Structure formats: structure tokens, C-alpha cells
Amino acid sequence: MTPSELWERYKTLLFDDPVLGVRLDLSRMNLDPGALESRERALRAAYSAMDALEAGDIANPDENRRVGHYWLRAPERAPSAQITRDIQETQARILDFAARVHDGRVAPPRAARFRRLLVIGIGGSALGPQLVADALGGPADPLTPHFLDNTDPDGFDRVLGGLGDALAETLAIVISKSGGTAETRNGMLEATAAWRGRGLDFGAQAVAVTRDGSALDRHSREHGFIDRFPMWDWVGGRTSETSAVGLLPAALQGLDVRAFLDGAAAMDEATRRHDTRMNPAALLAWAWYAVGEGRGSKAMVVLPYRDRLLLFSRYLQQLVMESIGKEKDLEGRVVHQGLTVYGNKGSTDQHAFVQQLRDGTADFFVTFVRVLRDREGPSLEVAPGATSGDFLDGFLLGTRRALHESGRPSLTLTIPDLSPRSLGMLIALYERAVGLYASLIGINPYHQPGVEAGKKAAAAVLDLQKRVLATLAERGADGATCEALAEAAGAADDVETVFHVLERLAANPERGVRRRLGKSPFDAVYSITER
């Protein structure tokens with residue numbers, strides 16, 4: 001195929017902006033370029049909806065909230081002067097606070113300066129900071145980051161125990177908009193106990209990122225936290241990486257947050273264009289719609305060929321699946337929309353699930369993420385005329401070709417390097433693509449009713465556990481079967497949950513619950529002893 005023929009094939013399915021430094025190649029997605037014309041009306045409506053969102057319209061009617069994460073990298077576009085000032089002042093405070101930590105003006109009571117960072121959060125309050133820390137961090141960082149991002153007791157022990165004596169030089173960031181998120185609250189309490197166990201005051205080494213007046217805000221004031229930074233109602237957790245949620249940990253780690261914000265702002269400008277062929281986010285959204293037939297019939301497999309982007313697929317899982325996975329559309333009709341995301345990294349995946357991608361079920365499309373710059377400095381030749389980076393890129397291009405030969409769709413996203421600016425562009429690109437795709441399929445991408453339902457169900461289980469323990473305490477050593485305890489606790493129709501609760505309590509002897517075998521699991525007799 002001649003270069004001119006190649007160009008004719010590519011030009012309608014290629015976004016290439018050398019100034020921005022980003023190329024999006026859809027030529028192997030098995031798409032009909034003419035089909036793009038049929039979606040132009042819907043895309044124009046998506047552009048209008050996005051313009052209204054950025055202008056300050058209520059974009060999340062379920063919670064009567066604006067959606068303003070784009071203002072975080074363009075404060076001048078915010079709908080009020082107060083929001084503009086709030087963003088600018090917060091960013092300046094973050095940079096100043098990080099500088100004072102780095103030079104020792106803000107220091108822990110029992111060490112010369114902070115050298116470790118412990119981020120306590122869940123979901124978007126952890127995934128974004130983890131991605132940025134892993135993608136951009138290095139051994140020379142002034143603070144080494146660690147994370148508590150679950151409510152797993154063993155996980156707490158692993159991280160806090162691993163820090164050990166270094167807790168004395170660890171700065172903690174607790175991130176929760178409401179302060180009532182169970183996983184984050186539990187992490188904070190476990191960390192507080194670990195600090196206390198070493199004779200340290202957690203509050204004297206902690207800062208909070210939260211909403212003004214929240215439970216966490218009150219707690220941080222009462223316990224003498226060093227400082228507090230805002231988490232505004234108009235910023236959702238999964239789109240919060242360019243707020244204090246992401247900027248504070250990154251700045252403390254010593255990363256260039258200005259370049260990160262500049263990259264996001266540059267991509268925002270590119271993705272505001274109403275010309276679909278010149279808008280990479282719109283092209284992504286259209287490709288997702290076309291390949292998935294408007295209902296997410298194919299999963300998105302994310303394959304970044306760079307170790308530092310290992311967490312990118314996990315980050316996109318939340319951003320895409322929590323935004324797109326909805327039961328109902330904007331008209332209240334049941335549609336069960338979704339777009340499944342999974343992945344790891346290349347070339348590791350070539351020795352794992354790429355075998356199925358080429359020869360198995362055709363229920364996916366691949367997103368290759370290609371980084372042109374290998375490393376700072378020269379590379380060793382590991383074969384005549386070839387470096388390790390040459391092999392890595394060869395594996396990417398070879399896998400792309402092999403999938404294409406099998407009729408498996410893929411797109412390739414190329415960035416010049418893995419820098420703060422480039423990572424900011426990646427995050428902004430996918431935030432905008434998600435918003436535009438949501439408009440194409442007619443759903444609200446800014447709420448998460450399924451997550452809230454899970455939280456309520458978990459609270460109900462914990463309430464049931466309290467009632468079961470109270471019933472056991474009344475019976476003492478006499479005990480009762482699982483079925484009898486369920487009935488006594490007012491849960492006769494939920495014996496299974498009572499069984500699961502008791503099974504775990506009995507597996508942890510310090511809880512004082514004992515189990516004697518019965519003919520079946522539900523016949524087992526449980527009793528409680530003095531602790």
C-alpha cells in the first residue's frame with residue numbers, strides 16, 4: 001500500500017495533533033467512516049450538553065449539583081468569581097504547603113521532617129492519587145507514598161506495620177467529601193491507633209481533604225490536624241484528580257502539578273471542539289458507541305505498554321464503569337447500560353490473556369497506549385541494533401497486527417512521553433470521552449445509585465450483626481442455632497446472612513463467638529463467652 005493510499009485509509013479515522021503531542025488511531029477498529037456522519041446530530045447535542053455543563057448548568061439532577069471538574073484546570077471558566085477564587089487559592093495553598101513540608105517548616109513533632117506520605121481514601125480518592133504516584137514517582141521523591149484504600153484489617157496491618165518506626169516521619173492525608181465513608185473512616189481510626197501505639201499524635205501529622213462542615217472537617221478541627229483542604233460538592237470522586245484530592249498528594253510527593261494541570265487544560269481545549277474529526281474525545285466516544293452498538297456489547301481492554309501505567313486500567317474501570325453502568329436512562333426507562341473495562345500492561349498480557357483476545361470470544365476491543373520516549377538517557381542494546389524499548393514497541397505493534405489479522409478491533413493512543421503533562425492529558429481525554437459517550441446513550445454519568453445501594457445494604461448487615469450479638473449475649477453459653485438466632489434477631493427470612501455473619505465472627509476468636517458443629521451449617525450452635 002502506497003503512502004497516499006495509507007493516508008486515505010487513515011485520515012477519516014485518525015486524530016493527530018503534533019502540537020498537543022497526541023495521536024488517536026481508529027483505523028483498526030473495523031468502523032465504517034461513513035457511519036460517523038449518521039451520528040453527527042447526536043454528537044452536536046452532546047457538544048451542547050457539555051457546553052452547558054461547563055457553563056454551570058445542573059448536570060447531575062439526581063443530587064441537584066453542578067459538575068465542575070473542568071474548571072479545576074481553567075478556573076477562569078467557572079460560572080462565578082467566587083468559584084474561580086476558591087480554585088486559584090486552593091492550588092496556591094497546596095503548592096505553598098508542599099514547599100513548607102519539603103523544606104522542614106512544617107515538620108512532625110518527633111522527627112526532623114516528613115519523609116513518608118500515607119494517603120487514606122477509597123475509590124476516586126485513592127485510585128487517582130495511586131495512578132499518578134506510580135506513574136510519575138521515583139526514588140528521589142521527597143516523600144514516599146503509601147495508601148490505605150480499603151477496610152481490610154490485614155491490609156491495615158501490612159501498610160502500617162510496614163511503616164513501623166517511620167510513622168514518626170509520616171504525613172497522613174485523609175480524603176473524604178462527607179467524612180462518613182466507612183472505609184476511609186475506618187482507615188483513619190486504624191491509623192490513629194497505630195500512631196498512638198508508638199506514642200505519637202495522629203492529628204499533629206495529618207491533614208484532611210473534605211467538604212467544609214463535614215464530619216471529617218469537624219474531626220480534623222477537634223483533633224488538631226495540621227491543615228484542611230476543600231473538596232467541593234461540584235467535584236465527583238472519580239473526576240477529582242485535578243482537585244486537592246490528587247494535587248495535594250502529588251505536590252507532597254514532589255511532582256510537577258502545574259505541568260499536570262497544563263496538560264489537562266490543553267486536552268480540555270482540544271476536546272471542546274465541535275468538529276468531531278478534530279476532537280479526540282468525541283472520536284473515542286463515537287468509536288465506543290459504534291463498536292459496542294450503543295449498548296456496550298464489547299468490553300474495553302486497556303493495554304498500556306509501560307510499567308508505570310499498570311494502574312491506568314484500574315483508574316479507567318472506575319471512571320468509565322461507575323459513570324456508564326446505569327440501569328435507567330435520562331427518561332427513566334430501564335436500559336442497563338455499561339462499558340466493561342479491564343486490562344493490565346504490555347507485554348505482560350501477551351503471556352496471559354492476549355491468547356484469548358486473538359483466538360477466543362470476540363467480545364472486546366483493545367485500547368493500546370503507546371509511549372514514544374523510553375527513558376531518560378541512553379538504552380543498552382540487548383540484541384544487535386535493538387534496545388529493550390525497541391522490543392516493547394515491537395511487541396505492541398506485533399500484537400496490534402496479530403489482532404487485526406484475526407478481525408479483532410483495536411485503537412492506538414500514542415503520547416510522546418510519560419510526564420506530568422502527558423498524564424494530565426490522558427486523564428482529561430477520558431473524562432471528556434465519558435461525558436460525551438453518556439450523552440450519546442442518554443444516561444447520567446455523574447451519579448452512582450448502585451454504589452449507594454451497596455452502602456445501604458452493608459449498613460443493614462452491620463445492624464443485623466449488632467442484633468445477633470445482642471441476642472447471643474443474652475443467651476450466653478447456652479447458645480442457639482443459626483436459625484433460632486435469626487428469628488430472635490428479627491431476621492427469620494435472612495438466615496443465610498446471619499450464618500455468614502456468625503461464621504466470620506467465630507473465625508476470629510477475639511470476638512468471643514464459638515461454634516459447635518451441627519448436621520448442616522444452619523444447624524450449628526453458636527454461643528458467646530466473656531471476653
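On inspection, residue 298 fails the criterion of being in contact with a Pro (Cβ under 8 Å, 6 or more places away or on another chain), open to solvent by 10 Å² or more (accessible area, probe 1.4 Å), under 18 Å from residue 401 (Cα atoms) and not polar (S, T, N, Q).
For residue 27, state whether it is of a type outside the set (A, V, I, L, M, F, W, C), without any contact (Cβ under 8 Å) to a residue 12 or more places away in the chain and either in a loop (DSSP other than H, G, I, E, B) or closer than 15 Å to residue 282 by Cα (or both).
Working: of a type outside the set (A, V, I, L, M, F, W, C): yes; without any contact (Cβ under 8 Å) to a residue 12 or more places away in the chain: no; either in a loop (DSSP other than H, G, I, E, B) or closer than 15 Å to residue 282 by Cα (or both): yes.
No.
Filtering 210, 170 for residues that are of a type in the set (S, T, N, Q) and either open to solvent by 30 Å² or more (accessible area, probe 1.4 Å) or over 19 Å from the mean Cα position of the chain (by Cα) (or both) leaves a single hit, 170.
Results for (1) over 24 Å from the mean Cα position of the chain (by Cα); (2) outside any loop (DSSP other than H, G, I, E, B); (3) within 20 Å of residue 278 (Cβ to Cβ), shown as yes or no for each residue.
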{"residue": "31", "(1), (2), (3)": "yes, no, yes"}
{"residue": "37", "(1), (2), (3)": "yes, yes, yes"}
{"residue": "47", "(1), (2), (3)": "yes, yes, yes"}
{"residue": "79", "(1), (2), (3)": "yes, no, no"}
{"residue": "91", "(1), (2), (3)": "no, yes, no"}
{"residue": "95", "(1), (2), (3)": "no, yes, no"}
{"residue": "100", "(1), (2), (3)": "yes, yes, no"}
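Scanning the range 377-436 for residues that are without any contact (Cβ under 8 Å) to a residue 40 or more places away in the chain, charged (D, E, K, R) and not in a strand (DSSP E or B) turns up 390, 401, 405.
Considering the conditions (1) over 23 Å from residue 26 (Cβ atoms); (2) assigned to a loop (DSSP other than H, G, I, E, B), residue 314 is excluded by exactly one of them, (2).
Assigned to a helix (DSSP H, G or I), in contact (Cβ under 8 Å) with a residue 40 or more places away in the chain, aliphatic (A, V, I, L, M) and open to solvent by less than 10 Å² (accessible area, probe 1.4 Å): which single residue out of 251, 259, 290, 266 fits that description?
Numbers: 259 fails: open to solvent by less than 10 Å² (accessible area, probe 1.4 Å); 290 fails: open to solvent by less than 10 Å² (accessible area, probe 1.4 Å); 266 fails: open to solvent by less than 10 Å² (accessible area, probe 1.4 Å).
Just one listed residue meets the conditions, 251.
Please tell me if residue 261 is at pLDDT 95 or above and under 15 Å from residue 71 (Cα atoms). Break it down stepwise before answering.
On the way: at pLDDT 95 or above: yes; under 15 Å from residue 71 (Cα atoms): yes.
The answer is yes for residue 261.
Taking each residue of the range 492-515 that is buried (at least 16 other Cβ atoms within 10 Å of the Cβ) and looking for partners that are in a helix (DSSP H, G or I) and not hydrophobic (A, V, I, L, M, F, W, C) with beta-carbon atoms closer than 6 Å, six or more apart or interchain, yields 495/483; 499/521; 501/465; 505/511. Residues in the range 68-89 that are of a type outside the set (Lys, Arg) and either modelled with pLDDT under 95 or buried (at least 21 other Cβ atoms within 10 Å of the Cβ) (or both): 68, 69, 70, 71, 72, 78, 87.
Look at (1) open to solvent by 50 Å² or more (accessible area, probe 1.4 Å); (2) within 23 Å of residue 39 (Cα to Cα) and you find that residue 453 fails only one, number (2).
The residue of the range 452-471 that is farthest from residue 291 (Cα to Cα), among those that are hydrophobic (A, V, I, L, M, F, W, C) and out of contact with any helix residue (DSSP H, G or I) (no Cβ under 7 Å at 6 or more places or on another chain), is 470.
Scanning the range 308-331 for residues that are in contact with a strand residue (DSSP E or B) (Cβ under 7 Å, 6 or more places away or on another chain) and among the polar types (S, T, N, Q), we see that the one that is farthest from residue 441 (Cα to Cα) is 313.
When you check residue 246 against the structure, is it touching a residue at least 24 places away in the same chain (Cβ under 8 Å), in a helix (DSSP H, G or I) and open to solvent by less than 10 Å² (accessible area, probe 1.4 Å), yes or no? Break it down stepwise before answering.
Details: touching a residue at least 24 places away in the same chain (Cβ under 8 Å): yes; in a helix (DSSP H, G or I): yes; open to solvent by less than 10 Å² (accessible area, probe 1.4 Å): yes.
For residue 246, the condition - touching a residue at least 24 places away in the same chain (Cβ under 8 Å), in a helix (DSSP H, G or I) and open to solvent by less than 10 Å² (accessible area, probe 1.4 Å) - is met.
Any residue that is under 20 Å from the mean Cα position of the chain (by Cα), farther than 24 Å from residue 426 by Cα and open to solvent by 30 Å² or more (accessible area, probe 1.4 Å) - is there at least one of those in the range 189-205? Explain how you work it out, then say what you get.
We begin by selecting, within the range 189-205, every residue under 20 Å from the mean Cα position of the chain (by Cα); these are none.
For the range 189-205, residues under 20 Å from the mean Cα position of the chain (by Cα), farther than 24 Å from residue 426 by Cα and open to solvent by 30 Å² or more (accessible area, probe 1.4 Å): absent.
Filtering 366, 320 for residues that are among the hydrophobic types (A, V, I, L, M, F, W, C), under 25 Å from residue 401 (Cα atoms), surrounded by 18 or more Cβ atoms within 10 Å (Cβ to Cβ) and in contact (Cβ under 8 Å) with a residue 12 or more places away in the chain leaves a single hit, 366.
The values are calculated or read from the model by the stated rules, or taken from the named source; none is laboratory data. Every value quoted in this text rests on a predicted model; they were computed, and no experiment measured them. Counting neighbours? That spans all protein chains shown, and the Cβs are built from the backbone with ideal geometry, glycine included. With ligands, DNA and RNA removed, areas are computed over all heavy atoms of the protein, side chains included. Shrake-Rupley method; radii C 1.70, N 1.55, O 1.52, S 1.80 Å.
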